[in-house]
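Undergrad: This is the structure, below, for whatever I ask next.
A short reminder: the numbers here are calculations on the coordinates, not readings from a lab. Because the structure is a prediction, the values reported are computed rather than measured. Heads up, the Cβs are rebuilt from the backbone with ideal geometry, glycines too, and the neighbour counts pull from every protein chain shown.
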Amino acid sequence: MRGRIYIKTADPSAAVQCTIRIFGISSVSPAKLTTSDLTDITKTALEIAENTLGNGNSFAVRCHRVGEQPYTSLGVCREIGSQIQSKLEKKKLSVNLTKPDHTLSVEIRDEQAFVYAETFHGQGGFPLGAQAKTVCLLSGGIDSPVACWMVMKRGSPTVPIYVDNNPYTDERAQQKAVETAKKLKEWTAGTPNKIYIIPNGENIRLIQEKAPEKFACLLCKRLMYRIAERVAEKEKAFGIVTGEAIGEQASQTIANLLAIDEAATRFPIHRPLLGFDKTETEAIARKIGTFQISTKKAQGCTAAPCQPATRAKLQAVKDAEKNLNMDEMAQKAVEAAQLLQF
């Protein structure tokens, strides 16, 4: 019905754990269904109160109605509250309409009524698929899985891309990326999932040989954008998501972001974490279950320069690319991609 989805289940706890992970759902309440007859509503509310309220607890009753009934919402609250105090007198319960220990809620819709005592917060956002598809550069670190999740929360299905810098990283780095992609799958009920693994080690070797060392990370990132664009085109996606935040790494200063953005000519770069502090990102990573995976030990990229450029000029970076055929390098890397589906 408008504004509500009703799920009939014999296992409310399991249903709650599933539905609070579905984007677009703001809250979930395990409820008992009864008729809109006030006697039936009160009887059901008493059963729930007896199982929910402890000795000396305070409680409140809230009622919301849709349709025509021979009573008011306030009348429902008064009747239920009176019956609870009378029938559960031994529990020495008290009414507190401001900060109750428990709230019993009644939602009456025409000839049906739903009575519940618990509400679990959902994720909100939009249902997955309400927005167009994107691709996400997923490193397996803390930031990029969070960025991917945040875009998914707004309704955009994402296809992860892991750019594999082996032999400049080890196998554990790839394992982390795959594990985070699988963890993100837990938030995508009903949606097929996959991850592209793109070999990039040979490209890094060429960058080291033919470009100034201080620009190595910037040129690698520009190459990654070109790779992501080709995958986005293949996937019929509408943008590229990254976990970049201002100043989080040497390549992510405002000046350097300008120098790398120019490499993406066909698709926009989306950065959900641009203004986040690390602690804010970590809090979301813990919430969505990727933090423990992302903090596993793995070898960092050994190709990173000791003194990277932090305020690179766009023209200087483009000049450094002149000895490299970046488009050909990106195309070969995508052609050698491994596609994992799960």
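Undergrad: Based on alpha-carbon centroids, what's the gap between region 281-342 and region 54-71 in Å, whole number please?
TA: 55 Å
Undergrad: Tell me the label-point distance for the pair E50, E202, using the 7 Å Cα-to-Cβ offset, in nm and rounded to one decimal.
TA: Using points 7 Å along Cα→Cβ, the separation is 7.4 nm.
Undergrad: Further question on the same structure: Quick one: P(r) of the chain from all Cα-Cα pairs, 20 Å bins, percents rounded to integers, in order of increasing distance.
TA: 26, 39, 23, 11, 0
Undergrad: Let me ask you something else. Using unit Cβ charges (K, R positive; D, E negative) and no other charged atoms, how large, in debye to the nearest 20, is the dipole of region 26-172 about its Cα centre?
TA: Magnitude of the dipole: close to 380 debye.
Undergrad: Sorted from fewest to most neighbouring beta carbons within 10 Å, what does the list E202, E111, E79 look like?
TA: E111, E202, E79
Undergrad: Same structure again: Scan region 5-106 for chymotrypsin sites (Phe, Trp or Tyr not before Pro) in coil per DSSP, keeping those whose Cβ has at most 16 other Cβ atoms within 10 Å, and list them by number. Mind dumping the intermediate values first?
TA: Numbers: sites: Y6, F23, F59, Y71; in loops: Y6, F23, Y71.
Counting only loop positions with at most 16 other Cβ atoms within 10 Å, the chymotrypsin sites (Phe, Trp or Tyr not before Pro) in region 5-106 are Y6, Y71.
Undergrad: Cα axis of helix 216-235 to longest principal axis of the chain: angle in degrees, 0 to 90, nearest 10?
TA: Once rounded, one gets 60 degrees.
Undergrad: Restricting to Cα atoms and excluding each atom paired with itself, what does the Kirkwood estimate give for region 31-117 in Å?
TA: Values: mean 1/r = 0.0788 Å⁻¹.
After inverting the pairwise mean of 1/r, the radius is 12.7 Å.
Undergrad: Which of T72, T98, A117 sits farthest toward the positive end of the charge dipole of region 31-117, with +1 on the Cβ of Lys and Arg and -1 on the Cβ of Asp and Glu?
TA: Farthest along the dipole direction, towards plus: T98.
Undergrad: If you don't mind, another one. How far apart, in nanometres, would the label points at R172 and K194 be if each is projected 7 angstrom from Cα along the Cα-to-Cβ direction?
TA: 3.1 nm
Undergrad: Mind checking the angle between helix 171-185 and the chain's longest principal axis? C-alpha axes, 0 to 90 degrees, to the nearest 10.
TA: 30 degrees
Undergrad: Moving to a separate point now. Under the definition of Cα pairs under 8 Å and six or more residues apart, what whole-number percent is the relative contact order of the chain?
TA: Values: 636 pairs, mean separation 64.6, N = 342.
Relative contact order of the chain: 19 percent.
Undergrad: I would also like to ask the following. Going down the table (K278/K313; K182/K236; K8/K90), which pairs top 25 Å between alpha carbons?
TA: From K278/K313; K182/K236; K8/K90, over 25 Å: K278/K313; K8/K90.
Undergrad: Pull up the DSSP beta bridges for the chain and report the antiparallel fraction as a percent, rounded to 5.
TA: Counting DSSP beta bridges with both partners in the chain, the antiparallel share is about 40 percent.
Undergrad: Run the reach check for K91 against lysines, Cα to Cα strictly under 28 Å, same-chain hits fewer than 8 apart removed. What comes back?
TA: K91 reaches K32, K43, K99.
Undergrad: Long-range amide H contacts for D164: which residues qualify at under 5 Å (H placed 1.01 Å from N, peptide plane, sequence gap of 5 or more or a different chain)?
TA: Counting only residues 5 or more places away or on other chains, the set is I198, N200.
Undergrad: Report the full-extension gain for the segment C306 to I5: residue separation times 0.36 nm, less the Cα-Cα distance, to one decimal in nm.
TA: Result for the pair: 102.8 nm of gain on full extension.
Undergrad: Can you tell me the dipole magnitude for the chain around its Cα centre, using point charges on the Cβ only (Lys, Arg +1; Asp, Glu -1), in Debye to the nearest 20?
TA: About 160 debye.
Undergrad: Can you give me the distance in nm between label points at F120 and S94, each placed 7 Å from the Cα along the Cα-to-Cβ direction?
TA: So the label points at F120 and S94 sit 3.2 nm apart.
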